[in-house]
1. Answer yes or no as to whether A210 is in a helix (DSSP H, G or I) and under 14 Å from A615 (Cβ atoms).
2. Return the residue satisfying two criteria in turn: it lies in region 549-573 and is under 18 Å from I617 (Cβ atoms) and without any contact (Cβ under 8 Å) to a residue 40 or more places away in the chain, and of such residues it is surrounded by the most Cβ atoms within 10 Å (Cβ to Cβ).
3. Would a scan of region 188-200 turn up a residue that is farther than 30 Å from A573 by Cα, of a type in the set (G, A, S) and at pLDDT 75 or above?
4. For a quick check of your reading: which helices (runs of 4 or more DSSP H) sit entirely within region 24-122 and have at least 3 residues that are open to solvent by less than 30 Å² (accessible area, probe 1.4 Å), in contact with a Ser or Thr (Cβ under 6 Å, 6 or more places away or on another chain) and at pLDDT below 85?
5. Given the residues G388, G423, G414, G402, which is the only one that is in a strand (DSSP E or B) and modelled with pLDDT under 80?
6. For region 578-603, give me each residue that is modelled with pLDDT of 90 or more and assigned to a loop (DSSP other than H, G, I, E, B).
7. Exactly one of these conditions fails for W613: (1) at pLDDT below 85; (2) of a type outside the set (A, V, I, L, M); (3) open to solvent by 10 Å² or more (accessible area, probe 1.4 Å). Give me its number.
8. Only one of (1) farther than 18 Å from T244 by Cα; (2) modelled with pLDDT of 75 or more fails for L334. Which number is that?
Amino acid sequence: MIEFFETFNYHMCFVLLVTGGAVYLFAREKYPLEVTSIILLTALLLFGQLFPLPDANGRNQLDAYYLLAGFANPALIAVLALLVMGQAIIRTDSLRPLIKFFVGNKFLPPRVAIVGILMFVLGFSAFLNNTPLVILAIPIMQAIGISAGIDDTKTMMPLSFAAILGGMMTLVGSSTNLLVSSAMVELGYKALGFFDFFIPGAMLAMTGLAYVVFILPLLVPKRQSLKEAIQGQQKEFVAELDVTPDSILVGMECTNGRFPALPELDIRLIQRQGHLILPPFEGYMIEPHDIMIVAARREALADVLSKFPGFLLSDDDVKAMDHTEDGKEGLSDLEETVQETRVLAELMIPPASRYIDMTIDQIGFQRQFGIVILGIQRRARVVRRRLGRIRLEPGDVLLVAGAQGNINEVRSGGQSDVIVLSGSKQELPIPKKAPIAGFIFLMTIILASTGVLSIAVASVTGAVLLVATGCLNIRQATRALDRKILLLVGSMLALGVAMQATGGAQFIADLMLKAPFADDPLTMAALLFILVAICTNILSNNACAILFTPIAMNMAINMGADPIVFAITVIFAANCSFASPIGYKTNLLVMGPGHYRFRDFMKAGIPLVLVLWVAYIFIAKLYFGL
């Protein structure tokens, strides 16, 4: 015992104390994750500089060069690049056909569709890199949740967990699996085969999936802000559509109360040559120069504006939106691009506005601000008149479109007559770029999953191509980068380096493996599983694979057990990255969309780790014969 504790030095003591403090601060969330990450990183850098730990060649193992190397980690770069790619997919509305299949399918209830997506992600994660799959599925899950009234908190974490579970089934399911196999080869053992642990891995995955579907949604909390966001999307605006002679609407007949090209618009009135046509419109055909008064949600109007700008905007309106020549002098190319980005926003008419009782035509928003009125929302009564002739009332909300710079000018120009509602600005999608974005994304997945390119190289190349082809601009790309992910991953990788350099990780492993009751292969395998599962949520799963594979091999030899079984145990346990957002990169990806906190992963992930631990004990006993 004395020899054992002789390895315990002040370097190791400091790192273990910092590790405990970091876990405590992350769990309490008294400070933002970014602040805790910076504090952790600063403490390690200062300690490494003031108290160097030289190796056999005299190099300081706690030097800033090694501690900061995590910020150039390919996995981190890949996650950030994939976030940019995900933003491009959303920006171009590339997933609309897939979303419509799941959301609009009358024969597929929303909850069944969610389970189907989870099974799809789990199955394909066994063969493809699961990070792109999660990014692909996030907006689909969000759309289904909105249509069914299900909070994102109930769907995002299950999505990440399903992807992690799928990685347990094959050798290429996770980089962790490959690292364990590589470590075995270095130790003189035969490499693992592609399907060597498929059956027990599938058993664990299906056990975990049952937990994810039936139990996990009960453990994650609802967020009130999400509910309000969902309700806010149901607001309807009254808008005006002018049918030009060359419009694709000409000759279209109303069936079942809807016109096929405008399925999400509620037609309130058609004005034809001075005559008013009121619903129902069954059997009516649209003619040139018809004026249609419609009611629709802002998302439906944005969709129409993106696909068919001529329906909502005249040539003068388009010129007004594009007119940003004034005030451009002195702007950089990036600032100019930001100013020209087309956005939607909502303007409210306050009680003291001088625009009250004036018509929209009289005010002349286009002349004053260079913005175009798309619709008006009025809760008091149904509006059935041309948009320009509507007299404004206090509380009216106008849906407007215009350049980013013009909207910002309305917000910052001291206008007391209109108020730009906070959080209402939304960039217009560019669906004409959807095929390009979809092709680049698909090729990135194929090249990364087949090994032609590494995931980091493929994702960075894909992100650059999406910017180069105009699927999103530089500002949108940089805004997609999450500083929380950058700082959190970089600081935790630095902690992992310090833990291994000081021997802290090996000390913890040796301490637990000296338990007096661990005297048979099944008990030792069970203890190894839970030890690795704990460490994989503190360190990275790859670090755990490298650290524990030699230990597992030695344990198996000393007890006369099959080393392959113990190596597979490390694989299964290292993939149990459910109890913290830093456990696996897909957890980080869903943390923002799901509005999760650090302790949410602990609350939902720790029970799953325990469930898989118990399931593994039965598998080790019955399948492996330990």
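The values are calculated or read from the model by the stated rules, or taken from the named source; none is laboratory data. Note that the structure is a prediction, hence the values are computed from the model and not measured. Counting neighbours? That spans all protein chains shown, and the Cβs are built from the backbone with ideal geometry, glycine included. Areas reflect the complete protein model, heavy atoms only, side chains present, ligands, DNA and RNA absent. Shrake-Rupley method; radii C 1.70, N 1.55, O 1.52, S 1.80 Å.
1. Values: in a helix (DSSP H, G or I): yes; under 14 Å from A615 (Cβ atoms): yes.
Answer is yes for this residue.
2. Applying the filter and picking the extreme gives A552.
3. As a first pass, look at region 188-200 and keep what is farther than 30 Å from A573 by Cα: none.
No; the residues of region 188-200 include none that is farther than 30 Å from A573 by Cα, of a type in the set (G, A, S) and at pLDDT 75 or above.
4. On the way: elements: 33-50, 64-67, 74-91, 96-104.
Hits in region 24-122: 74-91.
5. Numbers: G388 fails: in a strand (DSSP E or B); G423 fails: in a strand (DSSP E or B); G414 fails: in a strand (DSSP E or B).
Of the residues listed, the single one that is in a strand (DSSP E or B) and modelled with pLDDT under 80 is G402.
6. The one that is modelled with pLDDT of 90 or more and assigned to a loop (DSSP other than H, G, I, E, B): F578.
7. Here W613 clears every test but (1).
8. (2)
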